[in-house]
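For reference, the structure is listed below as structure tokens.
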Amino acid sequence: MSLFDHTIRELEEKLHNKEIKVADLVDASYKRIHEVDDQVHAFLTLNEENARTAAQEMDEAADKSGSLFGIPAGIKDNIVTKALRTTCASKMLDNFNDPLYDATVMKKLNEQNMITIGKLNMDEFAMGSSNENSGYFITRNPWNTDYVPGGSSGGSAASVAAGEVLFSLGSDTGGSIREPASFCGVVGMKPTYGRVSRFGLVAFASSLDQIGPITRSVEDNARVLEVLAGQDPNDSTSAHLEVPKYTDALTNDVKGMKIAVPKEYLGEGVSPEVKEAVEKALKVYESLGATWEEVSLPHSKYAVATYYIIASSEASSNLARFDGVRYGVRAEADNMMDMFKKSRSQGFGEEVKRRIMLGTFALSSGYYDAYYKKAQKVRTLMKNDYDKIFEEYDVVIGPTAPTPAFKVGEKTDDPLTMYASDILTIPVNLAGVPGISIPCGLSDDGLPIGLQIIGNHFDESTVYRAAHAFEQATDHHKKRPQIGGAN
Amino acid sequence: MTNISKEQVKHVADLARLEVSEEEADMLKDQLSEIITYAELLNELDTTDVEPITHASDLKNVLRKDEPASWITKEEALKNAPDQKDGLFRVPSILE
């Protein structure tokens, strides 16, 4: 049994009882990385020297406070880390070795004495569903390295699944935490829009982006979100709401809970084994005293189209800042305009350029009303669908992704096929509500299947309660990939 | 099917400050046409009386007190710059 099979609470106890030291945890992390990361390729940058120094200091310190004291974590590489290279997996930021400040989430984790093990691979600027758009290399699924880990937080999910770190941070704009969590058999939460500060998260689509934790257990996930959540003066979209103690919601009691199951989430395009796993999960909820009913989210089929217009439009504006002037890579040119164009064309990868082009087109004169404004109106309809359901139900349950992980290279030729992997996660971002993916079974090929639980605005507690009750009633979360032997 | 022309691709690339080769322009012409045609699925919906939203939260006009606070120094601001001179970012000439 690996140290990382324990929950953070259990490790806290072991540290407290002096059964283990922080140095043991950090050792375990790097040892595992050295064993398996040449197969998984989850990490872009390691923080080994600093992490080992921090561990030693913590072991010697009299004050052992902090809810994440000595816990090794990996950070998605679009979250800014002071003095630690932050690339967004883009060649554009290849030389961004010395960021000036920590993202608010990093400050909060550091205040709780978490240890940063390294920075995790992703689809470039978080644009992708498979990690194949990384500007560096492709992260592989630890359950079977022929398959993708999902994306864009592929490194974040794979590193936790492979036992390289105890938890990681991801970001989710259209499914980028939940889809890889589903593909890698781990727990991934996208909080309500506004729950977690985005200050220091390199912006992709500002109205959709949220940072969230990826863990092996629901309990750990709730514990990390307790640290991340809360209003931040540096992010005007972060909500002025008190943060509940999410771990208090893990009561194991879902009696009388009302579950809505959208028929569109188990319809066309959802593979039979995914459908079967979700139906089995619903039976588990029945046995725990919850009830479920089929409902309709009538605008679901418009989600992907709405999302790609809105997210790409916002991205085209947000990525205008990468111009080769203040930081990042600059291409040589004789004049300013050519320098902009050459720097951006050489720095950005194919998918990023495609989305900047799409967004620029949708926002350009003559097309704005037909595409961008239209998509914003459809977004209203989709949000209304969810608001209506939460007047009657506590949570919405369905699959996270229509299929288990697909093979590397299987969908790279056709952007639209790739975009369809996010059909069940995108509506959650558009509506701004919280959603979690938890393991609910394995496919015939031995690949994980994820169950998605969606809650009302700022009601992460109910989502965690539902997720935890299912987890405790089943053993899906105890299954581990066999990579590198025992894990 | 909405067809985006190669000229449109080049115009949009110019707006986005991107350089596209002939080959890339051909590829983008087809891919963007396909994606935009797919997005026209939204035209099935009558949205005449629907208000657009820019985000899903209820927040409006978040203000803070206008007070000075310390931020980064000039030296820090310049330390990741590709090129600098005399405490400023240096860029190629803007005028011909």
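Under a Cβ-only charge scheme (Lys and Arg +1, Asp and Glu -1), can you give me the dipole magnitude of chain B about the Cα centre, in debye to the nearest 20?
700 debye
Long-range amide H contacts for A:ILE71: which residues qualify at under 5 Å (H placed 1.01 Å from N, peptide plane, sequence gap of 5 or more or a different chain)?
Hits under the 5 Å cutoff: A:ILE115.
Decide, for segment A:427-466, between rounded, prolate and oblate: order the square roots of the alpha carbon gyration tensor eigenvalues as a ≥ b ≥ c, take rounded if a/c falls under 1.5, and otherwise choose prolate if a/b is larger than b/c, else oblate.
Verdict is oblate for segment A:427-466.
Taking 20 Å² as the minimum loss, tell me which residues in segment A:407-442 lose that much accessible area going from the chain by itself to the full protein complex (1.4 Å probe).
Residues of segment A:407-442 that lose at least 20 Å² of accessible area once the other chains are added: A:PRO415, A:LEU416.
Using only the Cα atoms of the protein assembly as shown, build the gyration tensor, take square roots of its eigenvalues as a ≥ b ≥ c, and label the shape rounded, prolate or oblate: rounded if a/c is under 1.5, else prolate if a/b is larger than b/c, else oblate.
It is oblate, given that a/c is not under 1.5 and a/b is not larger than b/c.
Taking every residue in A:230-243, how many Cβ atoms of other protein chains lie within 10 Å of its Cβ, on average?
2
Could you tell me which of the pairs A:LYS383/B:LYS60; A:LYS353/A:LYS377; A:LYS341/B:LYS6; A:LYS407/B:LYS10; A:LYS190/A:LYS388 are separated by over 23 angstrom between their Cα atoms in the structure shown?
Where the Cα-Cα span goes over 23 Å, the pairs concerned are A:LYS353/A:LYS377; A:LYS407/B:LYS10.
List the accessible area buried at the contact between A and B, summed over both sides and calculated with a 1.4 Å probe, in Å² to the nearest 100.
By this definition, chains A and B bury close to 5500 Å².
Hey, any idea what % of chain B's accessible area is carbon plus sulfur with a 1.4 Å probe?
Carbon and sulfur: 50 percent of the exposed surface of chain B.
Set the Förster distance to 51 Å, then compute FRET efficiency between A:ASP63 and B:ASN3 from the Cβ-Cβ distance, nearest 0.05.
0.15
Report the local net charge at A:GLU273: Lys and Arg +1, Asp and Glu -1, summed over other residues whose C-beta lies under 13 Å from its C-beta.
Computed value for this residue: -2.
Could you calculate the contour length gain from B:ILE72 to B:SER21, that is, 0.36 nm times the residue separation minus the distance between their Cα atoms, to one decimal place in nm?
Full extension of this stretch gives 14.4 nm more.
When only the heavy atoms of the protein chains count and the probe is 1.4 Å, how do A:ARG344, A:ARG326 rank by accessible area, highest first?
The residues order as A:ARG326, A:ARG344, largest area first.
With r as the distance between the Cβ atoms of A:GLU410 and A:GLN482 and R0 = 30 Å, compute the FRET efficiency 1/(1 + (r/R0)^6) and round to 0.05.
FRET efficiency, A:GLN482 to A:GLU410: 0.85.
What fraction of the DSSP beta bridges in the protein assembly as shown is antiparallel, stated in percent and rounded to the nearest 5?
So the antiparallel bridges amount to about 65 percent of the total.
Per residue, how much accessible area does segment A:161-200 show when a 1.4 Å probe rolls over the protein heavy atoms, in square angstrom?
4 Å²
Working out 0.36 nm times the residue gap between A:ASP5 and A:ASP445, then minus their Cα-Cα distance, what length gain in nm do you get to one decimal?
156.0 nm
Give me the percent of the accessible area of chain A that comes from carbon and sulfur atoms, probe 1.4 Å, all protein chains in place.
Here carbon and sulfur together make up 46 percent of the probe-accessible area.
Can you work out the Karplus-derived ³J(HN,Hα) for every residue in segment A:428-436? Use 6.51 cos²θ - 1.76 cosθ + 1.60 with θ = phi - 60°, whole Hz, and x for glycine or proline.
Whole-Hz 3J(HN,Hα) from phi for segment A:428-436: 5, 5, 5, 7, x, 8, x, x, 10.
Using a Förster distance of 25 Å, how high is the FRET efficiency between A:ALA333 and B:ASP30, based on the Cβ-Cβ distance and rounded to 0.05?
Computed FRET efficiency for A:ALA333 and B:ASP30 comes out at 0.30.
Ranked from the most accessible area to the least, with a 1.4 Å probe and all protein chains present, what is the order of A:TRP292, A:TRP143, B:TRP71?
Reading off the accessible areas and sorting them downward yields B:TRP71, A:TRP292, A:TRP143.
Obtain the nm distance between the two label points defined at B:LEU95 and B:HIS11 by a simple spin-label model: each point lies 7 Å from its Cα along the Cα-to-C-beta direction.
Taking the simple label geometry, B:LEU95 and B:HIS11 are separated by 3.1 nm.
If I fit a long axis through the Cα atoms of helix B:22-39 and take the longest principal axis of the Cα atoms of chain B, what angle between them do I get, 0 to 90°, rounded to 10?
Roughly 70 degrees, rounded to the nearest 10.
Any idea which of A:SER312, A:VAL325, A:TRP292 is furthest toward the positive side of the dipole for segment A:275-359, if Lys and Arg beta-carbons carry +1 and Asp and Glu beta-carbons -1?
A:VAL325
To the nearest 20 Debye, how big is the dipole of segment A:52-208 about its Cα centre, given +1 on the beta carbon of each Lys and Arg and -1 on that of each Asp and Glu?
Taking the Cα centre of segment A:52-208 as origin, the dipole is about 320 debye.
Suppose accessible area is computed on protein heavy atoms with a 1.4 Å probe; arrange A:GLU350, A:GLU226 from highest to lowest.
Output order, biggest surface exposure first: A:GLU350, A:GLU226.
The values are calculated or read from the model by the stated rules, or taken from the named source; none is laboratory data. From a predicted model like this one, the values you see are computed outputs, not experimental measurements. We place every Cβ from the backbone using ideal geometry, glycine too, and count neighbours over all the protein chains shown. Please note that ligands, DNA and RNA were not included when accessible areas were found on the heavy atoms of the full protein model with its side chains. Shrake-Rupley method; radii C 1.70, N 1.55, O 1.52, S 1.80 Å.
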